[in-house]
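Structure, as structure tokens:
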Amino acid sequence: MAEETQKPEAAAAPAPAEEVVVEKESEQEAASEKPTDAVVEDKPAEAVEEEPKVEAKDTKVTESASFKEETNIAGELPDPQKKALDELKQLIQEALNKHEFTPPPAKDKDKPAPEEKKEEDQPATSAAETEVKVETEAPAPVDVSAADDDGAKTVEAIEESVVAVATPPPAEKPEEEASSSLKPDEVAQSEEKPEEAEVPPPPPQEVSIWGIPLLADERSDVILLKFLRARDFKVKDAFTMIKNTVIWRKEFGVDGLLDEELGNELEKVVFMHGFDKEGHPVCYNVYGEFQNKELYQNTFADEEKRSKFLRWRIQFLEKSIRKLDFSPNGISTIVQVNDLKNSPGPGKRELRQATNQALHLLQDNYPEFVAKQVFINVPWWYLAFNMMISPFLTQRTKSKYIAPEQVPVQYGGLSRDGEQEFTVADAATEVTIKPATKHSVEFPVTEKSTVVWEVRVVGWDVNYGAEFVPTAEDGYTVIVSKTRKVGPADETVISNSFKTGEPGKIVLTIDNQTTKKKKLVYRSKAKPYSE
């Protein structure tokens, strides 16, 4: 399987706007949730874009040039991209000088907020202060005429006591007076006292991602280009993404995570095995393993378990990335094969929560690390699930689906082993046939030739026929393939040919009498001959 999905692609025109989505082989299989097909894309994402609703008109599907990885050699970049890379380096250097890659200090949540002092919390006033306050505000009347000598002395003593307590302390001397009281030599010493030396600024901050400094050598350029491409070479956006990633890695403890012991219960769910023919490591994600109820509960039952799973998944990804070659000519991306056979699906709330968390982190912090995404054994809920996660995919991600001629027939495409009339270099055409609609495909014939074609309706369950219609008015139409019902269990791909010595056209007719739309994929070519 892996070999069939990993054939090197030839250079071709840019990918079309409409993505190639290969649907189920039959309605019966959809009802039984039997997976049959696959879609391949060229970005870190978990699904493909929802198939757009279009009229039944042909859309030429050519091999996407984006499958050829973009250069990481700075000297080979287009001038606008070179300029963007230089500007990004400048922003990063300025941020390193200012230590802007340091996470903000955590707030002390346990420290109570200061409360206003209540009246009962105020310090008690002394008896003397109380006496002064009372005497000042409302001094008691004294009958002097009735007082004897002793009484007069008592009153005088009280007044003296009150005045002594209430007298304010002498005001401090102004600063000028204080300085004038200094001796001349003391003043001279005070003026000659040197100012404290300024503290030199700290050295620039050192920041590394995946073991590589942000600004060091050509390997650093490879990493910066990943962030630039993820943000369509918008320098400020790429800088913000890098800054947020560095801060997240410190807060998440990514470097320390590499040494954590998180168990091996999930080693059959996600694992690396082998390389494709271009040298990319291949990562397999086998979601059907979660049909094991015990494993599912141990992985997703509560927030603590989901958090551990997320840390395990990030740890696995980090270890895989550390094995990549970040040199400009090296392999710095991987191929992901996602096997959805017997997957619990998005109906499982716990799995959906963990998936959404992982998607956010991967989308924000691991840009441009997947060369291809291969989806196999896709069940009926696949497109609905894709609708849920599609907002996480950028348009750059959505525009990189492999054409049907690249997908093996067992997964819904046209690619087959052995000697065939067609190769992956022969582009296919794809069209959607509406329910209860008949669709015709024409192959023009302008000279003596043998026309060969192959056609496939995903899921079939339609009527198919082919005929040759000559250009001459007095010519006779030739039945090439009598109209017949093609069921889901019949031929996967119909291949046929017709040899003619006069101009005309081959007409294929597909009659979809079901209530479901159908995906039609076909291609043809003419081989001239001479008698």
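Values computed for the structure shown
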{"item": "Residue in the range 508-528 that is modelled with the lowest pLDDT, counting only those that are open to solvent by 60 Å² or more (accessible area, probe 1.4 Å) and more than 16 Å from E442 (Cβ to Cβ)", "result": "P528"}
{"item": "V407 modelled with pLDDT of 85 or more, surrounded by 17 or more Cβ atoms within 10 Å (Cβ to Cβ) and in contact with a strand residue (DSSP E or B) (Cβ under 8 Å, 6 or more places away or on another chain)", "result": "no"}
{"item": "Meets criteria (open to solvent by 60 Å² or more (accessible area, probe 1.4 Å), in contact (Cβ under 8 Å) with a residue 24 or more places away in the chain and assigned to a loop (DSSP other than H, G, I, E, B)) for E502", "result": "yes"}
{"item": "Segments classed as helices (runs of 4 or more DSSP H), wholly inside the range 214-329, with at least 3 members that are open to solvent by 60 Å² or more (accessible area, probe 1.4 Å)", "result": "235-252, 293-300, 303-322"}
{"item": "From V424, V431, residue being aliphatic (A, V, I, L, M) and either in a strand (DSSP E or B) or over 41 Å from the mean Cα position of the chain (by Cα) (or both)", "result": "V431"}
{"item": "Residues within the range 202-211 that are surrounded by 14 or more Cβ atoms within 10 Å (Cβ to Cβ) and closer than 13 Å to V246 by Cα, tallied", "result": "5"}
{"item": "Flag if T500 is in the same structural domain as Y476 (by the TED database), modelled with pLDDT under 95 and under 16 Å from T450 (Cα atoms)", "result": "yes"}
{"item": "Search result, residues across the range 345-382 that are in contact with a helix residue (DSSP H, G or I) (Cβ under 7 Å, 6 or more places away or on another chain), open to solvent by 10 Å² or more (accessible area, probe 1.4 Å), modelled with pLDDT of 80 or more and within 18 Å of V269 (Cα to Cα)", "result": "E350, L351, Q353, Q357, A358, L359"}
{"item": "Scan of the range 505-521 for residues that are over 30 Å from D474 (Cα atoms) and either hydroxyl-bearing (S, T, Y) or not in a strand (DSSP E or B) (or both), ordered by number", "result": "Q513, T514, T515, K516, K517"}
{"item": "The range 53-107: number of residues that are open to solvent by less than 70 Å² (accessible area, probe 1.4 Å), at pLDDT below 60 and not in a strand (DSSP E or B)", "result": "8"}
{"item": "Selection status of E303, in contact with a helix residue (DSSP H, G or I) (Cβ under 9 Å, 6 or more places away or on another chain) and acidic (D, E)", "result": "yes"}
{"item": "Residues satisfying the stated conditions in the range 474-495, i.e. open to solvent by 50 Å² or more (accessible area, probe 1.4 Å) and more than 40 Å from the chain's Cα centre (by Cα)", "result": "D474, Y476, T477, V478, I479, K482, T483, R484, K485, D490, S495"}
{"item": "Of all residues in the range 330-344 being assigned to a strand (DSSP E or B) and within 20 Å of N292 (Cα to Cα), the one that is least open to solvent (accessible area, probe 1.4 Å)", "result": "N338"}
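The values are calculated or read from the model by the stated rules, or taken from the named source; none is laboratory data. In this text, all values refer to a predicted model and were calculated from it rather than measured experimentally. Using ideal geometry, Cβ is built from the backbone for each residue, glycine included, and neighbour counts are taken over all protein chains shown. Remember, those area values only see protein heavy atoms, side chains included, never the ligands or the DNA or RNA. Shrake-Rupley method; radii C 1.70, N 1.55, O 1.52, S 1.80 Å.
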